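Accompanying notes for the structure given below.
Any read-out appearing in this document is the output of simple, stated calculations on the displayed coordinates, not a laboratory observation. Please read these numbers as outputs of a predicted model, since none were measured by experiment. Positions of Cβ are backbone-derived with ideal geometry, glycine not excepted, and every protein chain shown enters the neighbour counts.
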Amino acid sequence: MFSTLTELKDNPDVDVLVVTGSGDSFTAGMDVLECFYDTFADPKKFTEVNQVAMGWFQKLRYFPKPTIAAVNGWCFGGGFAVLGACDLAIASERAVFGLSEINFGLIPAGGAMWAPVYYLLPRHAMYLILTGDTIDAKQALSFGLVNKVVKHVNLRKSAEEMASKLSKRNPLALKAAKELYQGLKGGELGPAIPYEMGKVYELSYLQQGEWVGKGLDQFKKKLYKPGIQAYDREA
């Protein structure tokens, strides 16, 4: 993905980037078994694997051309970093959003915490962060997480229409507008990521890795679904 973004950034035929998913998911976030469970005992590998994802999150965030998230379905955990890295967002009526990390004893990090803090009102952000509950597309719109909600069959068309509108604007003005907004808004993704990951390491030490040893272990054994349930702390 990192190399693809680099290629598209320099392609003069690309005016606007639309990011979407396939099947019934926009993105389920990072593969928690591959990225966390299988690497937790090896700090060097854990860091290397996770830095790959965080690198392209930042590449997307600071992409010089307008970006649109076309949210076609499930958007969980690290998917918030992808959603938040885009400038605009259109959601299918079928889209479902959730920060599921708390359900397996972790915290949203690597950009996933940054997105709700950056875009949402404090009560809305804390609700998603602390409960692990899901919200539907209409709630996401009311929270300010997306710009509009459309019928599922119209998602692609709506994203293309928005992209077409943006492509008619002056590209240098669009780039300058993005940079100015990010500079004035503050609290950007780049500095947020190491702070978030530092909290992950601190939490892991204090709870002696319970989020991996119980939370993800129970998930691996298919005892619960982190997107909609929490692990059993007494097990």
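Distance from the Cα centroid of region 28-54 to that of region 145-219 is 19 Å (rounded to whole angstrom). For the chain, the longest principal axis of the alpha carbon atoms and the long axis of helix 155-167 meet at an angle near 50°. Under the shape rule built on the C-alpha gyration tensor, where the axes satisfy a ≥ b ≥ c, region 41-175 is oblate, since a/c reaches at least 1.5 while a/b does not exceed b/c. Expressed to the nearest 5 percent, the antiparallel share of DSSP beta bridges inside the chain is 15 percent.
Which whole-number percentage describes the relative contact order of the chain, with Cα contacts under 8 Å and a sequence gap of 6 or more?
Averaging sequence separation for qualifying contacts and normalising by length gives 23 percent for the chain.
In the list (1) 173; (2) 123; (3) 148, the label attached to volume of the Cα convex hull per residue in Å³ as derived from the coordinates here is (2). For K44, the lysines whose Cα falls under 19 Å of its own Cα, not counting residues fewer than eight places away in the same chain, are K199.
Partner aspartates and glutamates whose Cα lies under 14 Å from the Cα of K45, excluding those fewer than 8 positions away in the same chain, are identified as E34. Give, as a single signed number, the net charge of other residues whose beta carbon lies under 13 Å from the beta carbon of F80, with Lys and Arg counted +1 and Asp and Glu -1. Counting the neighbours of F80, the net charge comes to -1. Bridgeable lysines around K165 (alpha carbons under 28 Å apart, same-chain partners fewer than 8 residues away excluded): K9, K59, K65, K138, K148, K151, K157, K175, K178, K185.
Charge tally around K65: other residues with Cβ under 15 Å, Lys/Arg +1 each, Asp/Glu -1 each, net +2.
Each 10 Å bin from zero holds the following percent of Cα-Cα pairs in region 1-97: 16, 42, 32, 10, 0.
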